[in-house]
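Q: Take a look at this one; I'll ask things after.
The values are calculated or read from the model by the stated rules, or taken from the named source; none is laboratory data. From a predicted model like this one, the values you see are computed outputs, not experimental measurements. Neighbour counts run over all protein chains shown; Cβ positions are idealised from the backbone, glycine included. Ligands, DNA and RNA are stripped out before the accessible areas are found, and what is left, the full protein with its side chains, is counted by its heavy atoms. Shrake-Rupley method; radii C 1.70, N 1.55, O 1.52, S 1.80 Å.
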Amino acid sequence: MKLTVIGCCGSGPGPDSPASSYLVEHEGYRLVLDLGSGAFGALQGLIDPGTVDAVFLSHLHADHCLDVAPFVVWGRYSGRSTGSLVPLYAPVGAERRLALAYDMDGEALTDVFDFVPVGPGAFQLGPFEVELARTAHPIECYAIRLTAGGRSLVYTGDTGPSEQVVELARGADVLLAEAAHPDNAREQPPGLHLTGRQAAEHAAAAGVQRLLLTHIPPWVDHIGQLFAASAVFPETELVRAKATYDI
């Protein structure tokens, strides 16, 4: 399994990265996790969008889904699309939400995507065994566990402290975890985001092999987040745009 970071900036695109988006590949199958602001341009620098086999959206906040809109433009007008519908797995309501993001009239996007509503549970997607768990976030959001070839990757999406996320990540090889809140923040809204230390505590509690920190906003000290997490869980790294990881 190979993970490529398309974008890793939290809350929106930053000077060095688009917002959240990740490419996971195994046995020729290409799955995109989230398509945040600016991600579709970066995706084109990595692969032909026509080779994307499926898209999974953790939730419907703009920094995780807004670049579905340029994907629609590419699919309709580039002349390079195969014409096959791209399965798009997302929480209930995604079709309407994304149609309005694309056009004020809310024209259906079903000529480009096959919308598949998701909820907690397990299913098969290409070569991946998939398991989803609801996270602690103000809107419906799902962490995803992908297992293939005896290896496993868990992506938190957005979440505050969550036992469900810990259970989903139990024994995973890699935990790709958001760490949007600074550890020295005086007040942290409950059920919104993790600090670097909290992400590490989740990794330790789940017994994962490796922690990758992501979704850190430009105004938060990235090295500070890494330092706080590493003090709890030494096998921690900061991700960066275009980085690849073999899992």
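Q: Does region 72-86 contain any residue that is modelled with pLDDT of 95 or more, touching a strand residue (DSSP E or B) at 6+ places or on another chain (Cβ under 8 Å), outside any helix (DSSP H, G or I) and closer than 18 Å to TYR22 by Cβ? Please lay out each step first, then the result.
A: Kept after step one, since they are modelled with pLDDT of 95 or more, are these residues of region 72-86: 72-78, 84-86.
Going one step further and asking which of them are touching a strand residue (DSSP E or B) at 6+ places or on another chain (Cβ under 8 Å), we end up with 72, 75, 85-86.
Filter once more, so that each one left must be outside any helix (DSSP H, G or I): 85-86.
If we keep only those that are closer than 18 Å to TYR22 by Cβ too, we end up with 86.
Yes, region 72-86 has at least one match.
Q: Of all residues in region 218-232, which are in contact (Cβ under 8 Å) with a residue 60 or more places away in the chain and open to solvent by 20 Å² or more (accessible area, probe 1.4 Å)?
A: Going residue by residue through region 218-232, those that are in contact (Cβ under 8 Å) with a residue 60 or more places away in the chain are 218, 220.
Residue satisfying the conditions is PRO218 alone.
Q: Output the residue which, of all residues in region 233-247 that are open to solvent by 50 Å² or more (accessible area, probe 1.4 Å) and either part of a strand (DSSP E or B) or at pLDDT below 95 (or both), is nearest to ALA177 (Cα to Cα). Outline the logic, then answer.
A: We begin by selecting, within region 233-247, every residue open to solvent by 50 Å² or more (accessible area, probe 1.4 Å); these are 234-235, 237, 240, 242, 244, 246.
Now narrow it down to the ones that are either part of a strand (DSSP E or B) or at pLDDT below 95 (or both): 237, 244, 246.
Values: GLU237: 11, THR244: 16, ASP246: 17 Å.
Out of the qualifying residues, it is GLU237.
Q: Sort through SER21, SER17 and tell me the only one that's modelled with pLDDT of 95 or more and under 25 Å from VAL92 (Cβ atoms). Spell out the reasoning first.
A: Numbers: SER17 fails: under 25 Å from VAL92 (Cβ atoms).
Within the list SER21, SER17, the selection yields SER21.
Yes/no matrix, rows are residues, columns are (1) open to solvent by 10 Å² or more (accessible area, probe 1.4 Å); (2) aliphatic (A, V, I, L, M); (3) more than 17 Å from the chain's Cα centre (by Cα):
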| site | (1), (2), (3) |
| --- | --- |
| ARG134 | yes, no, no |
| LEU146 | no, yes, no |
| THR156 | no, no, no |
| THR159 | no, no, no |
| ARG170 | yes, no, yes |
| LEU176 | no, yes, no |
| ALA205 | yes, yes, yes |
| ILE216 | no, yes, no |
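Q: Let me ask another. Kindly indicate the residue of region 74-115 that is among the aliphatic types (A, V, I, L, M) and surrounded by fewer than 16 Cβ atoms within 10 Å (Cβ to Cβ) and also nearest to GLN44 (Cα to Cα) among those meeting that condition. Outline the logic, then answer.
A: Of the residues in region 74-115, the ones among the aliphatic types (A, V, I, L, M) are 85-86, 88, 90, 92, 94, 98-101, 104, 108-109, 112.
Retained after the next criterion (residues that are surrounded by fewer than 16 Cβ atoms within 10 Å (Cβ to Cβ)): 85, 92, 100, 104, 108.
Numbers: LEU85: 18, VAL92: 28, LEU100: 24, MET104: 26, ALA108: 24 Å.
The qualifying residue nearest to GLN44 (Cα to Cα) is LEU85.
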